[in-house]
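Some notes on the structure that comes next.
The values are calculated or read from the model by the stated rules, or taken from the named source; none is laboratory data. These numbers were taken from a predicted model, which means no experiment stands behind them. We place every Cβ from the backbone using ideal geometry, glycine too, and count neighbours over all the protein chains shown. Surface areas here come from the heavy atoms of the whole protein model, side chains and all, with no ligands, DNA or RNA. Shrake-Rupley method; radii C 1.70, N 1.55, O 1.52, S 1.80 Å.
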Amino acid sequence: MTQKSEANSPRRQPKGDKRDRTRAKLLEAARSLIREKGHEQTTLEEIAERAGMTTGAIYGNFKNRDELFISLGQAYWPPIKPQVKQGSSFAEIMRAMAEATIAAIPDRRAAAVGRLTGLAYTLTHEELRRQVTEFTAQSYAGGERWLRAMTKEEDLPMPADQLVRVLHALIEGLVFQRLLTPELVPDEVIRAAFAALAMKRDNQ
């Protein structure tokens with residue numbers, strides 16, 4: 001009985017779980033404050049206070065304010081990942097990408113304003129923009145590896161390093177335009193956009 005209760009006690013829980021909970025609490029506090037005051041006026045001290053923690057908790061999880069803001073984007077605007085089997089045709093991958101994009105729209109709607117204000121803030125802060133560029137480049141490299149693992153590169157309509165950038169821009173553009181003018185960007189338009197990439201390859 002004693003052994004079982006100790007195993008289930010908070011003290012015996014993996015440290016990683018506690019760290020994840022702390023980061024999540026800090027990010028949610030940052031998110032709520034940014035909604036109220038904007039990125040420019042939100043301080044680390046206020047974030048820590050809102051989360052019921054000290055600034056030491058922030059610096060134990062994030063290098064600085066910029067890294068916290070980047071992590072905020074990762075948490076509430078994660079990459080769209082279609083479910084496809086290895087060896088799928090490029091057309092199948094594009095169909096899955098379209099469906100994954102459509103499925104992500106409700107969550108994107110809840111985070112869209114924060115995403116847009118975050119992008120605007122990044123555009124006016126060069127050091128943060130540099131860090132975002134580095135992070136995005138890493139994401140593109142991961143996307144390239146994923147594409148090459150899923151299908152033959154010769155089946156792609158363009159080099160994988162270019163394609164991941166095109167897909168990223170396509171997804172972001174479609175999602176924001178759908179949220180802004182849903183009547184003009186129904187599901188069939190999103191499906192057609194991805195199908196067009198596969199069609200280009202089929203016609204070569």
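Let me know the volume per residue of the alpha-carbon convex hull for the chain, in Å³.
Taking only Cα atoms, the chain has a hull volume of 167 Å³ per residue.
For Thr136 and Thr55 in one chain, what is 0.36 nm times their gap in residues minus the Cα-Cα distance, to one decimal in nm?
Value of the extension gain: 26.4 nm.
Could you put Arg21, Arg178 in order of accessible surface area, largest first, with the 1.4 Å probe and the full protein assembly present?
Result of the area sort, largest leading: Arg21, Arg178.
Calculate the dipole size of the chain relative to its Cα centre from +1 charges on Lys and Arg beta carbons and -1 charges on Asp and Glu beta carbons; express the result in debye to the nearest 20.
About 720 debye.
Any idea how far apart Ser88 and Arg165 come out in nm if each label point goes 7 Å out from Cα toward Cβ?
2.5 nm
For n ≥ 4 DSSP H runs only, could you compute -39500 (n - 2.57) per run for the chain, divide by its residues and tell me the 222 nm figure to the nearest 500?
Mean residue ellipticity at 222 nm (helix-derived): -25000 deg cm²/dmol.
At 7 Å along the Cα-to-beta-carbon direction for both Asp155 and Leu184, put a label point, then send me their distance in nm to one decimal.
3.5 nm
For the pair Ser32 and Arg65, what calculated FRET efficiency results from E = 1/(1 + (r/R0)^6), where r is the Cβ-Cβ distance and R0 = 22 Å, to the nearest 0.05?
E between Arg65 and Ser32, to the nearest 0.05, is 0.85.
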